[in-house]
Each structure stands twice: as C-alpha cells, then as structure tokens.
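The values are calculated or read from the model by the stated rules, or taken from the named source; none is laboratory data. Note that the structure is a prediction, hence the values are computed from the model and not measured. Backbone-built Cβ (ideal geometry, glycine too); neighbour counts: all protein chains shown. For accessibility, only protein heavy atoms count, side chains too; no ligands or nucleic acids. Shrake-Rupley method; radii C 1.70, N 1.55, O 1.52, S 1.80 Å.
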Amino acid sequence: MAARTLYEKIWDEHLVAAPEGESAIMYVDLHLVHEVTSPQAFDGLRLGGRGVRRPDRTLATADHNVPTDPLSVPVKDPVSRRQLEALEENCEEFGITVFPRGHENQGIVHVIGPELGVTQPGMTIVCGDSHTSTHGAFAALAFGIGTSEVEHVLATQTLPQQRAKTMAVVVEGPAPEGVSAKDIVLAIVATLGTGGGAGYVVEYRGQAIRDLSMEGRMTLCNMSIEAGARAGLVAVDETTIEYLRGRPGVASGDEFERAAARWREFVSDDDAVFDQTVTLDAADLAPYITWGTNPAQVVALDGVVPDPADFSDPDVASTTQRSLTYMGLAPGTPIKEIPVDVVFIGSCTNSRIEDLRAAAGVARGHHVAPTVRALVVPGSHRVKRQAEEEGLDQVFLAAGFEWREPGCSMCLGMNPDQLTPGQRSASTSNRNFEGRQGRGGRTHLVSPVVAAATAILGRFATSDEVSS
Amino acid sequence: MKAVRVIEGRAVPLERADVDTDQIIPSDWLKRVERTGFGRGLFSEWRDDPSFVLNDARYAGATVLVAGPRFGTGSSREHAVWALMDYGFGAVIAPSFGDIFRNNSSKQGLVIAQLDATDVEELVALIKDDPSRLVVVDVERMQVEVPASGWSRPFALEAMTRERLLNGWDDIGLTLRHEGEITSYETRTSAPTLEGIFDDAGHVVAH
Ligand code: SF4
C-alpha cells in the first residue's frame, strides 16, 4: 500500500460508504455532548421520531453554562438552569451517560475525554464544539460540528464528510527555556493566519512537539481551529501510551499492551506526502501574547503594540486600527507596561493539572496585585481534586487567587464569570474576539505562567520577572 | 429543510474581515433551548451603534449579506446560522468562510456564495451606489447577479450541496439510505465503546 499520513490512515479506517457523486460517510467512534449545542438536536430527534443509535458511543457533560460558584449555590439564571436541566432530561430519555454539574467526573468536555481515557488513538471523535480538535493530541481525528450534525450523529453514528487536505506543521529543534505549548501554538496561528489552515487537517511534527507532554499537545491541538483548521493531530509515541495507562476507559494488563501495539501504528509513514508543509524553528520562539481581536494578532511579551502605519496592505492596516481601538491600546506601547484588571487561568486550552502546577509554581510565595482579580478554574472535578491533593489550591488561595468550581467559565462568558466593558484580561483561553469574555471586554491570550506572573505584577509579565 | 432555488432582494454590505460567530451571535444567546427567535441577537453587540450598517434604513429588509473574508470563523455554534436566517437573510456572499459555519449553513439552507475578493468589492460598490438594487443569488445556475447593472458572477457549489438545497433534502434521511453499510461497518469495527466503564450514575466501575 502507498505511504499514508496519519490522517489518511484514520480516514480510510472509518469509511462506511463512498457513494458515487455524494459525500463519503464516516463512522464516529465517540460523540461528546454538552448542554449548549445539543437541546435543539434532541428536539430534532423527537420531531423526526428517531432515537440515539449508539448511546454506548455517546457521553455528555455540563460545562459551558455552569456557574463556578460553590456547588451549594444554585444556578441563578433561569435560562441557564433550564438548559442544564434539558441536558439531563435528554440523556435520561435517550439512555446516555451524563455528568451534570457537581458530578465527580464533570468538567470541560475536552478535559474529561482524555482524562477518563475514553479518547484513544485512531478514533474518530466529534462534539458540538470547535475545540474538539484538542483530542487530536492522541492521534484521534477529532473535530467540531454544528447542531444539525449533532443530530445527524445521534441518529446515525456517522457524518457525511469530504476528505481534507493534509498539512504538516513542523517545529524543529528543542523549544527554549520558558517557552510553553501555548507559546508554540500562538506562534503557529500567527504564522498561518486565521484562515491558513482552512480545508486542512494539520499534523504537528518535529522535536519541539515530540518533547511536549500530553497536556502540552492538547493545548497545541486545541487551537488548530484558530488557524482555520478543523483538526490537528500528533502521532502516537510512548508519551501517549504512558498517559493512557491506567485510565478508567482503557483496558489493563495484556489487553492494554495489545491495544498499545495497535495504537503505535497511528503515525504517518516515513515517506508519506503532505499537501503542504510549514516549518518553524523552535529556537526563534519566545513567550507570546495576543494584542488584538483575533488569535493571529500575536507579539512577543518583550515587544510593543504594533502600529497600523507599519503595514503596507491597507486592509491589514485598517483591521489593525480597528483592533487597537477596541482594545484601547496605543501603537508602540511596550507590552510589559500594560496594566490588567482580570487574570483567568482556565479553559480547555490550559486548565489541566500541568497548567495549574506551572501557574502555582510562579504564584507560590507571592501575592496578586491589589488592582487585579485573578481566577483559577480547573478544567474538571478530577483536575480540581488532584490539584487539592497536591496543595495547589492552598498556594493559589494564599496568593490571593480565587479557586473555583470547574467549567468553561470566563473562556466564553456564558456564566456569571465575565469581564465588564473596558476591562482588560490576561487569559489562558483560546479566543480574543470582541466581547468573547463579556461585552466590551478586552482579552489577551497568554500561557499559564505568563498569566500567573501578570496577576502578581498587575501588568503583563513573564515568569522570570517574579523572583522565586 | 425547505428547498431553495433563488434568493433575491436587497443586499447589505458588512465591510469587515474575520467576522467570527461570537460577533454574529454573542454567547449570552446560547443559553436558549429553542431554535427560533435568534434574529434579535444577530450582531447584537454592534447593533447598539446607530451607524452600524444593519441600522441603516436604506438596507432594511435585505435578504443577502455581503461580507469580508473569513466570515463565520470561530465557534461551531449553529445559532449563528439560525440568527442570520431568523433575521431574514437567505444568502451570504464573501471571499471566504469558516469551515464549520459553511457546513452548518448548508444543513439549514442558508446559501453560501463564495466570490473572489475583487468581485465582492465590485458588488459592494454597486450596492452602496444604489442600496435599492436587487441582488439575485441563483442556486440552480450558481450565479450572483445584479440585473439592473448587468453584473453577474458564477460561484461554486459542491454538487451534493446544490442538490440538497434545490430539493430541500434532509441529511439524516440521505445517510439512512446506507443503513446496511453502517450496520455492516459496526460488526467489523474494533473501536472501543463506553460499555462497562460507567455505572448508571456515571461513576467509574472499578476493574
Ligand atoms: S473552555 Fe472555552 S473553548 Fe473550551 S469548550 Fe469551553 S467554551 Fe469552548
């Protein structure tokens, strides 16, 4: 057989039918469901008199809408409450396992799949959420879908799909000290632009990628959509297999070894050909931050706010001006002189145990600046419990951070965790769109260590500025 | 979905690049469990501004939206499509679109017409010159036209998307014609299921 990329292997294995003149039909191994993009899909099933074909391939959790207040506080917003209840009722009616608010396994959908070990190499995974690409860190073909497609998967366990083009993004050499997975992916999004990945499935390759932990690879694959790609992939290696060993969703003993042997095949063949290859040199990378209102508007922490006059393309110049006006920034201002009001450590990009450890490492023994509100929102109850076992909650609390219940929280500001107009945040999430974290809010995307250092100094800062 | 052959009416120019789905319908609106009524939330953070183009009376009742590159990027929320359609739009014309948005549109019958950036600019100039000019998006002939100006440009549609729009076909029904192949695939796949991992209350079963 001809050499194939990782994507092509997974695609071939999941082809149910390829009818002439129509889209191919792809099988879905795992469908993750949450409260926001599913109620209308369940309604559609009822209207069409259809059931859920494979409840045993469907898993639901509450995440987008849940308040991060103590669990004893009821959900105050009646519209949110209704949606959370609808998820439970729908899952009950159709026989789907669901983790409601407060359940020991509840958390952000892209955090719980991997930590429960139900995300596995070679699988196809979909969810009504664009950051489903996160699961690609496990060499699973994972992408976001809309509500009509959610209904389609519930009813048929398949999706009509076009085969994507393949792109290799190679980050060569080891990443310098202080450069995290978040910095790597911000550099990639800046390089590709917000539309550069459209139509492609991206495979991340090269030493800087291989060196990443599974948490880091999830951060990386998570933001594939910010470059327009629907999915990102990292090939299986021993890091992948060791992460999965002992997780609830995987087999144990000999059966695990047999599964692992199969998983090891989910790599691109040596001589596989990608439709496009983009190469970055890790040595050039630094801690980054977004300055504007799309995630490709990136600058090094050591840099300055760009000047629209520097861009010869009039469209880029006017977009830059528009972004700067919204963000309330003057060209040429050093990034590290910009004060912030809110720091958010959380979201499916950076709310896993390793992210919290990294942030706590910076915060330990320091205190949040008096002008700053800083929130830590663990990605799931499992992450929260582990962090508490390690004493990280105490580190954060002693440093003046809020330690909250898990959920999407200020990543999208659907729950009460929102910016007020004009407030500026340093956020470990993935989108800096206008109003994303609350109407009029100004979001800057950063890594967990930059977020922690920024909270302490009250202005954008790198972790080396906070003495340990 | 309803069959769509032609969308015609006034067009409104939204001269911005990277209009993401968070702008089309802010997250506050995503709490609802219904599928209707999202038109009021369309571009709601911009509509407070009296100079925003949707507030311009000359474009009232428009059925075609003409936008800048990378329209509909970001979040997968189909609510963006529901909001555009509920507001009254039947077609969006832009130089490029977010992948998921494009998909969602095709499921709902919102026509996505991709034209070259220069053609979009020409079209915007024609509309601004006379906002009452009729714009026609013809799915069957795959053409965008401004009849009063003798202006027309072809656009591409996947054959299947075009058929589905023209016939108003339901995707699920189409897929279920392959029921036999799905069942046979299911007998041969070795991909794990969730069977046996959780008990009825969703707690992990020790193994
Ligand atoms: S944390 Fe943010 S990006 Fe991730 S699933 Fe939740 S809302 Fe979406």
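Expressed per residue, the C-alpha convex hull volume of segment A:54-211 stands at 158 Å³.
Take the cross-link list A:Lys165/B:Lys107; A:Lys336/B:Lys31; B:Lys2/B:Lys128 and give me the ones stretching past 26 Å between alpha-carbons.
Working: A:Lys165/B:Lys107 22 Å; A:Lys336/B:Lys31 37 Å; B:Lys2/B:Lys128 31 Å.
Check vs 26 Å cut-off fails for A:Lys336/B:Lys31; B:Lys2/B:Lys128.
If R0 is 41 Å, the Cβ-Cβ spacing of A:Ala309 and B:Glu8 corresponds to a FRET efficiency of close to 0.45. Averaged over its residues, chain B has an accessible area of 42 Å² per residue, based on protein heavy atoms and a 1.4 Å probe.
Mind ordering A:112-124, B:123-135, A:212-224 by average Cβ neighbours within 10 Å, highest first? Show your work: numbers first, answer last.
Numbers: A:112-124: 24.3, B:123-135: 16.5, A:212-224: 26.1.
By packing density, highest mean first, the sequence is A:212-224, A:112-124, B:123-135.
Scattering from segment B:77-207 was approximated by placing one identical point on each alpha carbon and applying the Debye formula without solvent; log10 I(q)/I(0) at 0.09, 0.17, 0.19 1/Å stands at -0.44, -0.98, -1.13.
If each of A:Ala3 and B:Glu195 carries a label point 7 Å out from its Cα toward its Cβ, how far apart are those two points in nm? Result for the modelled spin labels: 3.9 nm. The aspartates and glutamates within cross-link reach of A:Lys76, meaning a Cα-to-Cα straight distance under 18 Å and a gap of 8 or more places when in the same chain, are A:Glu35, A:Asp63, A:Glu85, A:Glu88, A:Glu405, A:Asp417, B:Asp28.
Write down the accessible area per residue of segment A:1-113 in Å², having rolled a 1.4 Å probe over the full set of protein chains. Numbers along the way, then the final one.
Details: 3920 Å² over 113 residues.
About 35 Å² of surface per residue is accessible.
Look at the stretch B:19-25: the mean tally of other chain Cβ atoms within 10 Å of its residues' Cβ atoms is 4. When the Cα gyration tensor is reduced to axis lengths a ≥ b ≥ c, the ratio a/c is 1.5 or higher for segment B:1-155, and with a/b above b/c it is classed as prolate.
In this simple spin-label model, placing a label point 7 Å from the Cα along the Cα-to-Cβ direction at both A:Val273 and B:Asn55 gives a separation of 5.5 nm. Shielding value for A:17-23 is 5, the average number of Cβ atoms from other chains within 10 Å of each residue's Cβ. Expressed as a whole number of Å, what is the distance separating the alpha-carbon centroids of segment A:337-376 and segment A:131-181? A separation of 27 Å, based on Cα centres. Taking a ≥ b ≥ c as the square roots of the eigenvalues of the Cα gyration tensor, the protein assembly as shown is classed as rounded, since a/c falls below 1.5. Judged by the mean number of other Cβ atoms found within 10 Å, the most tightly packed of the peptides A:134-141, B:35-42, A:169-176 leads the ranking A:134-141, A:169-176, B:35-42.
Approximating the spin labels as points 7 Å out from Cα along Cα→Cβ, the A:Arg245-to-A:Ala18 distance works out to 3.8 nm. Classified by the C-alpha gyration tensor, segment B:1-67 has an oblate form. Its axis ratio a/c, with a ≥ b ≥ c, is 1.5 or above, and a/b does not exceed b/c. Taking a point 7 Å from the Cα of A:Ser252 along the Cα-to-Cβ direction, the residues of segment B:163-207 with backbone N closer than 13 Å to it are B:205-207.
Return the percentage of antiparallel bridges among DSSP beta bridges fully within chain B, rounded to the nearest 5 %.
Details: 12 of 25 bridges.
The answer is about 50 percent antiparallel.
Shown is the FRET efficiency for A:Ser467 and A:Asp281, computed with R0 = 25 Å from the Cβ-Cβ distance and rounded to the nearest 0.05: 0.20.
Other protein chain C-beta atoms within 10 Å of residue C-beta, averaged over A:115-122: 2.
For segment A:361-456, the calculated P(r) over all alpha carbon pairs, in 5 Å bins from 0 to the bin holding the longest distance, is 3, 14, 23, 25, 21, 10, 3, 0 percent.
Just to confirm my numbers, what's the Cα centroid distance between segment B:78-92 and segment A:237-300 in Å? Cα centroid of segment B:78-92 versus Cα centroid of segment A:237-300: 37 Å apart. Taking 11 Å as the cut-off, the amide N atoms of segment B:154-189 that come nearer than this to a point 7 Å along the Cα-to-beta-carbon line of B:Arg141 belong to B:154.
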